[in-house]
1. Net charge around residue 237, counting only other residues with Cβ within less than 13 Å of its Cβ (Lys, Arg = +1; Asp, Glu = -1)?
2. In what order do 220, 428 fall by count of nearby beta-carbon atoms within 10 Å, going from fewest to most?
3. Run the quick spin-label model on residue 107 and residue 391: label points 7 Å from Cα toward the beta carbon, then report their separation in nm to one decimal.
4. Of 446, 89, how do they rank once you tally other Cβ atoms within 10 Å and put the fewest first?
5. For the ranges 437-445, 277-285, 258-266, what's the packing order if you count other beta-carbon atoms within 10 Å of each residue, average per peptide, and put the highest first?
6. Arrange the peptides 308-321, 354-367 so that the one whose residues have, on average, the most other Cβ atoms within 10 Å appears first.
7. Based on the mean of other Cβ atoms within 10 Å per residue, sort peptides 80-86, 205-211, 133-139, 114-120 so the most packed one is first.
8. Using alpha-carbon positions, what is the distance between the centroids of region 180-201 and region 305-329, in Å?
Amino acid sequence: MQLLSPESSLVRPVVPATVVRTALRLSVLVVSVVMAAAGCSGTGSTSSDARHPAGSVLRVPQDFRSVQQAVDVAREGETVLVGPGVYRESVRVTKPRVVLRGTDRNAVVLDGGMRLANGITVTGAGSVVENLTVHGYLANGVLFTGVTDERLQRRGAGGSAYDPLDTTRFPAVRGFRATRVTAYNNGLYGIYAFDARDGVIEDSYASGHADSGIYVGQCKPCNTVVRGNTVERNAVGVELTNASDALSVLGNRVVGNRVGVTINSNDLEALAPQHGAVIAGNVVVDNNAADTPEQADGGFGIGIGIGGGTGNRVQRNLVRGNRAAGVVVTDPPGHPASGNRVEGNHATGNGADLVLASVDPTNCFAGNRPAIQSPDGLEGRAGCGTGGRGTLPGGRTVPVQAPPGVPFNRVQAPPAQPSMPDATVPGKPATGLPGPVDAAAYPLPEDAGSVPPSR
């Protein structure tokens with residue numbers, strides 16, 4: 001079987017800095033034209049003289065006409081409860097421990113109308129976004145970040161043209177949670193935790209994003225869990241860049257993207273190299289979907305890609321039907337991958353099930369039940385716990401021609417998603433998160449036949 005060189009564009013796109021910066025630059029150009037609109041709520045009014053209603057729950061539209069008005073009036077620890085409707089505004093949550101919740105996940109919709117930059121931007125420590133939908137924004141659906149400069153937020157929060165961000169000037173926001181959020185058809189990221197730590201992204205859905213559905217980046221330690229989410233029809237499903245230590249991606253469904261999961265180091269953001277994530281118990285299947293936004297460098301058909309990441313554990317994942325590679329470990333310029341353990345996965349039916357394209361001898365593979373390994377005999381030659389070894393020939397992915405993509409705003413809208421059973425229960429700010437994390441509690445998913453994207 002002819003395999004593709006790891007220097008080709010099908011392997012390089014596992015580093016997000018090179019797969020989607022074209023989309024970022026285009027979005028920045030558009031957003032710069034509409035900066036005034038991007039920072040405003042639907043009403044354009046302020047809340048300095050607004051009356052705080054009785055109790056600790058502020059209701060929209062009963063008490064306030066816009067979500068932003070209610071958020072501005074909310075006190076620390078209070079809940080903003082949003083009723084059904086379409087809210088054409090950008091919302092900024094700057095106070096700590098505010099819970100922003102919809103009464104119905106599918107009927108409470110923040111709509112950017114393809115003219116606003118970010119849907120919900122959270123810089124208040126310990127704040128929560130839950131049980132609502134956000135779509136149609138030029139940059140991000142929900143952004144948790146310590147970047148308090150609105151100009152940088154409108155550029156995606158990663159700094160000026162993605163120069164490494166000053167983490168002293170913008171320390172990470174501490175405490176965040178996204179629960180039962182539906183994010184779809186936004187220009188860059190669906191749920192985006194950048195310069196944020198001590199958080200949870202759970203039971204959420206993301207599709208139709210030109211960068212990734214869920215992104216965790218530039219945190220050390222991250223102390224964050226991404227669990228029980230569904231990500232499909234994105235350029236990349238789940239993306240981790242320069243995100244290190246106490247970071248777990250557990251029990252997610254990553255199906256029908258162009259690339260499934262990426263774990264990367266690069267110098268376009270701060271805190272490289274990436275280190276110490278656990279990717280366990282996930283379904284990573286059929287990431288070859290044509291009805292997805294196209295990546296700038298053509299990444300396509302990869303299940304799980306480690307691009308310069310270090311000390312990661314990829315364990316007990318079902319990785320199937322990814323045409324270029326199931327699990328691939330490679331070295332982007334300046335960041336050799338090292339110390340990664342790929343163990344106990346069911347990697348089958350991929351172009352090449354396991355690919356080691358890194359020269360570092362500390363990466364290892366064991367017990368993955370694969371059919372195709374590159375280089376041949378990979379698990380025997382680079383097994384975990386086998387001691388030192390010599391240099392192996394570079395592994396190769398299978399060449400796949402990526403089909404043309406579709407504009408992010410034209411990706412099929414998702415079906416209704418499970419809503420919160422009782423939206424009237426008291427809100428819980430994002431403090432003490434993520435709590436105990438037991439990756440061993442996430443077993444290898446059963447191979448129960450086809451796992452198609454939602455319809």
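Quick note: the coordinates plus some simple rules give every number you see, no bench work behind them. Fair warning: this is a prediction, and the values are worked out from it, not measured in the lab. Glycine gets a Cβ as well: all are built from the backbone with ideal geometry, and neighbour counts include every protein chain shown.
1. Here the charged neighbours net out to -1.
2. So the residues, fewest neighbours to most, are 428, 220.
3. Rounded to a tenth, the inter-label distance reads 6.5 nm.
4. Going from least to most buried by this count: 446, 89.
5. 258-266, 277-285, 437-445
6. Taking the mean over residues of other Cβ atoms within 10 Å, the ranking is 308-321, 354-367.
7. The densest-packed peptide leads the list: 205-211, 133-139, 114-120, 80-86.
8. Cα centroid to Cα centroid, the span is 22 Å.
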